[in-house]
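Have a look at the structure below before the remarks.
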Amino acid sequence: MRKISKLHFITTSAALAEQACRGGVDWIQLRLKNVSYEEYRKVALEVQDVCKRYNATLIINDLPRLALDINADGVHLGKEDIMTPEEEAALLAGGHIIGCTTNTLEDILHFKNKPVSYLGLGPFRHTTTKQNLSPILGLGGYKNIMESLRTSSQKLPPVIAIGGIILYDIPSLFETGIHGIALSGAIGNASDISAKAAEFTKLVNDPTASNDPWGNSDAQTRDIIAGGIGEIIGNITFN
Ligand SMILES: Cc1ncc(COP(=O)(O)OP(=O)(O)O)c(N)n1
Ligand SMILES: Cc1ncsc1CCOP(=O)(O)O
Ligand SMILES: [Mg+2]
């Protein structure tokens, strides 16, 4: 099985995947909603072509059947996603990656001794990329969960943080003990996708490197930080 990357880029098209791979991304999750199986398959084959050219891992979101059909590297499944025992057996027999979604410590502990390759844990903060979000964890949630995992000494799959993550979050998130991050908007909505992908790739591989969010980031990143500061100031009451 392929090594679990520290940076998972979630995308909807081969064009976006290609720009991200050009910037150094080596793990692509294709996530399409409200499309037919045939349409999903068509885009998946295009993205698979990109992944093969860049030697990147391809994960199919939601559909184990499609992952098997096109022989993708793996599948990502949420709590509501369905995998038949036959699909699970075929994925495992083929050495495919199986990633699953979690939101709590209990969710994570449920995967003890299960043949799961990694666990997406989130959401970190609010995001418009996904609807019907589970409760937001924030940095405090990750700190608590990762600390409990350290002391529990259970052998569990590596944890991938997800949900509204921007460049600025990387040092503190990695400090909690997560293995990696998954994101869509922070790269996919950037004005220069390859350049942003390169910034993320560099920082996930050296999360302690200095990262000045005001000095070197784009307007999107600064808006999110400014929004956070605005919320904090808004919560202060003056007598
Ligand atoms: C790495 C990673 N973690 C979590 C998710 C969310 O999956 P899911 O809960 O099934 O939600 P959808 O992505 O299907 O809307 C993910 N995709 N990737
Ligand atoms: C799929 C998913 N699951 C939890 S948050 C999320 C969306 C991640 O995308 P973004 O990085 O744009 O918030
Ligand atoms: Mg899903």
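Observations
- Kyte-Doolittle mean at least 0.5, axial Cα span of 15 Å or more - DSSP H helices of the chain: none
- Whole-Å semi-axes of the ellipsoid equivalent to the chain (Cα gyration tensor, √5λ, descending): 29, 22, 16
- Of K33/K155; K3/K79; K112/K202; K42/K114; K42/K202, pairs whose Cα-Cα distance is over 28 Å: K33/K155; K112/K202; K42/K114; K42/K202
- Between the stretch 120-181 and the stretch 46-91, the alpha-carbon center distance in angstrom: 23 Å
- The modelled label-to-label distance between N132 and H179, using points 7 Å beyond Cα along the C-beta direction, is 2.7 nm.
- Reach of K130 by Cα under 16 Å, taken over aspartates and glutamates that are not fewer than 8 positions away in the same chain: D62, E80, D81
- Globularity index of the stretch 100-197 is 1.09 (Cα radius of gyration / 2.2 N^0.38 Å, N = number of residues).
- Extreme residue, positive dipole direction of the stretch 7-234, given options T127, L156, S191 (C-beta unit charges): L156
- Magnitude of the charge dipole for the chain, about its Cα centre and with charges confined to Cβ atoms of Lys, Arg (+1) and Asp, Glu (-1), is about 340 debye.
- GNM remark for the chain: springs join alpha carbons under 10 Å apart, and the peak mean-square fluctuation among P85, P171, P115 falls on P85.
- Reachable lysines from K196, criterion Cα separation under 16 angstrom, eight or more residues apart if same chain: K6
- Note on V204, V75: ascending count of other Cβ atoms within 10 Å places them as V204, V75, the fewest first.
- Computed helical MRE - 222 nm, the chain, DSSP H runs ≥ 4 contributing -39500 (n - 2.57), nearest 500: -13000 deg cm²/dmol
Each reported figure results from applying straightforward, stated rules to the coordinates on display, with no laboratory input. Since the structure is predicted, the reported quantities are computational estimates derived from the model, not experimental observations. Counting neighbours? That spans all protein chains shown, and the Cβs are built from the backbone with ideal geometry, glycine included.
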